[in-house]
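The values are calculated or read from the model by the stated rules, or taken from the named source; none is laboratory data. In this text the structure is predicted, and so the values were computed from the model without any measurement. Quick reminder, even Gly has a Cβ in these numbers, built from the backbone with ideal geometry, and neighbours come from all protein chains shown. Note: accessible area is taken over every heavy atom of the protein model, side chains too, but ligands, DNA and RNA are not part of it. Shrake-Rupley method; radii C 1.70, N 1.55, O 1.52, S 1.80 Å.
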Amino acid sequence: MIRVLVVDDEPQLLRALRINLSARGYEVVVAADGAEALEVASRHLPDLVILDLGLPDMDGTEVIAGLRGWTKIPILVLSGRTDAADKVDALDAGADDYVTKPFSMDELMARLRALQRRSEADAAARATEPTVLIGHFSVDLAAKTVTKRSDAPADAPESVHLTKTEWAVLEVLVRNPGRLVSGKQLLQQVWGPAYKSETNYLRFYMAKLRQKLEPEPSHPRQLLTESGMGYRFAP
């Protein structure tokens, strides 16, 4: 059964969504404000989220950011805000779709089904993602883990923890094996379209990745810098 978290401070709408979703076979958990939404999400691990933006304790975009810190579950915003800027802010924060109030229940259900199909397709794709070898470690793109290779020296650590940003930089590079990734492209994919010239970010995080993954960080063999051009992962 697909579990849906519905977040809205209007009791009548919350009740109506619970009834309609339950009648269509969904398991429903609810929250009336942002703090409760984040707590319920961490406790019940929903498969989908329906989220209002106008919550009493925080803006819905803050809830999206909080969820995106640890999960990629689909988030559908259901809001009375119709301004294009509000939609852009929600989508940039990490929402997957946006429906304005008043709304058609049939349309809402169709949007949910579309998000569910996309999520299932993404999960299937991740299940077939490869393992990449860097130095003494195996990088599992599906599980997002870095673990010691069986043929690694005994003193190599059993696993390596990467921060969210370190992982994001590494993932862009290893998904483009052997290809030059420009600094601008890497900045925009990891930090967003507003970032074009913050090359100091890239130098900092590439240095951290080399320290953690390369046997000789000062003489990297796989996480390479092409001076004045960009970066390259050498398989």
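So what's the angle, to the nearest 10 degrees on a 0 to 90 scale, between helix 164-174 and the longest Cα principal axis of the chain?
That works out to roughly 60 degrees.
For I134, which sequence-distant residues (separation of 5 or more, or a different chain) have an amide H within less than 5 Å of its own amide H, given hydrogens modelled in the peptide plane?
So I134 has HN proximity to V139.
For the stretch 1-118, with only Lys/Arg (+1) and Asp/Glu (-1) charged at the beta-carbon, what is the dipole magnitude about the Cα centre, in debye rounded to 20?
Details: 14 positive and 20 negative charges, 139 e Å.
It comes to approximately 660 debye.
What accessible area per residue comes out for the chain, rounded to a whole number of Å², with a 1.4 Å probe? Please report the intermediate quantities before stating the final value.
Details: 12330 Å² over 235 residues.
Here the per-residue accessible area is 52 Å².
What lysines does K196 reach when the alpha-carbon gap must be under 21 Å and sequence neighbours fewer than 8 apart in one chain are set aside?
K164, K184, K208
What are the extents of the Cα atoms of the chain along their three principal axes, listed from largest to smallest and rounded to whole Å?
Largest to smallest, the principal-axis extents are 63, 39, 28 Å.
Taking a ≥ b ≥ c as the square roots of the eigenvalues of the Cα gyration tensor of the stretch 1-48, is the shape rounded (a/c under 1.5), prolate (a/b larger than b/c) or oblate? Write down the numbers at each step before the final one.
Values: a/c = 3.35, a/b = 1.12, b/c = 2.98.
It is oblate, given that a/c is not under 1.5 and a/b is not larger than b/c.
For the stretch 68-184, what's the radius of gyration and Dmax over Cα atoms, in angstrom?
Every Cα atom of the stretch 68-184 included, Rg and Dmax give 19.4, 62 Å.
Whole-Hz ³J(HN,Hα) for each residue in the stretch 2-15, computed from phi via Karplus 6.51 cos²θ - 1.76 cosθ + 1.60 with θ = phi - 60°, x for glycine and proline: what do you get?
7, 9, 10, 9, 10, 10, 6, 9, 9, x, 5, 5, 4, 5
Is it possible to state the helix-based mean residue ellipticity at 222 nm for the chain, with each DSSP H run of 4+ residues giving -39500 (n - 2.57), the sum divided by total residues, to the nearest 500 deg cm²/dmol? What is it? Please report the intermediate quantities before stating the final value.
On the way: 8 runs with 100 residues, N = 235.
When only DSSP H runs of four or more count, the value is -13500 deg cm²/dmol.
Charges on Cβ only, +1 for Lys and Arg, -1 for Asp and Glu, centred on the Cα centroid of the stretch 1-138; of S104, H44, I2, which one is farthest towards the dipole's positive end?
Projecting each Cα onto the dipole axis, the largest value belongs to I2.
Give me the net charge for the shell around M1: Cβ to Cβ below 10 angstrom, other residues only, Lys and Arg +1, Asp and Glu -1.
Details: positive: R3; negative: E27, D47.
After counting each charged neighbour, the total is -1.
DSSP beta bridges in the chain, what fraction antiparallel, as a percent rounded to 5? Working shown, then result.
Numbers: 17 of 33 bridges.
Counting only bridges with both partners in the chain, antiparallel ones make up about 50 percent.
Given +1 on the Cβ of Lys and Arg, -1 on the Cβ of Asp and Glu, and no further charges, what dipole in debye does the chain carry about its Cα centre, rounded to the nearest 20? If you can, show how the numbers build up before the last one.
Details: 29 positive and 33 negative charges, 188 e Å.
In total the dipole reaches around 900 debye.
Once you have a ≥ b ≥ c as the square roots of the Cα gyration tensor eigenvalues for the stretch 120-235, tell me rounded if a/c is under 1.5, and otherwise prolate or oblate according to whether a/b is larger than b/c. Present the calculation step by step, with values, prior to reporting the outcome.
Numbers: a/c = 1.88, a/b = 1.19, b/c = 1.58.
Oblate is the answer for the stretch 120-235, as a/c is 1.5 or above yet b/c matches or exceeds a/b.
At 0.36 nm per residue, minus the direct Cα-Cα distance, what do A84 and K184 gain on full extension? Give it in nm, one decimal, please. Don't skip to the answer; put the middle values down first.
Details: separation 100, 0.36 × 100 = 36.00 nm, distance 2.71 nm.
Value of the extension gain: 33.3 nm.
For G230, what charge total do you get from the other residues with a beta carbon under 11 Å from its beta carbon, if Lys and Arg give +1 and Asp and Glu give -1?
+2
Expressed as a rounded percentage, what relative contact order does the stretch 1-118 have, with Cα pairs under 8 Å and six or more residues apart?
Values: 195 pairs, mean separation 25.5, N = 118.
Relative CO of the stretch 1-118 lands at 22 percent.
Taking only the alpha carbons of the stretch 170-235, what extent do you get along each of the three principal axes, in Å, biggest first?
So the extents along the principal axes, rounded to whole Å, are 34, 21, 20.
Karplus couplings for the stretch 59-69 from phi (6.51 cos²θ - 1.76 cosθ + 1.60, θ = phi - 60°), rounded to Hz, Gly and Pro as x?
Values, residue by residue: 6, x, 5, 5, 5, 4, 4, x, 5, 5, x Hz.
Taking the Cα centre of the stretch 192-235 as origin, sum charge times position over the Cβ atoms of Lys and Arg (+1) and Asp and Glu (-1), and report the length of that vector in debye to the nearest 20. The partial results should precede the final answer.
Numbers: 7 positive and 4 negative charges, 15 e Å.
Value, rounded to 20: 80 debye.
Can you give me the angle between helix 199-213 and the longest principal axis of the chain, using Cα atoms only, in degrees from 0 to 90, rounded to the nearest 10?
Orientation of helix 199-213: about 70 degrees from the principal axis.
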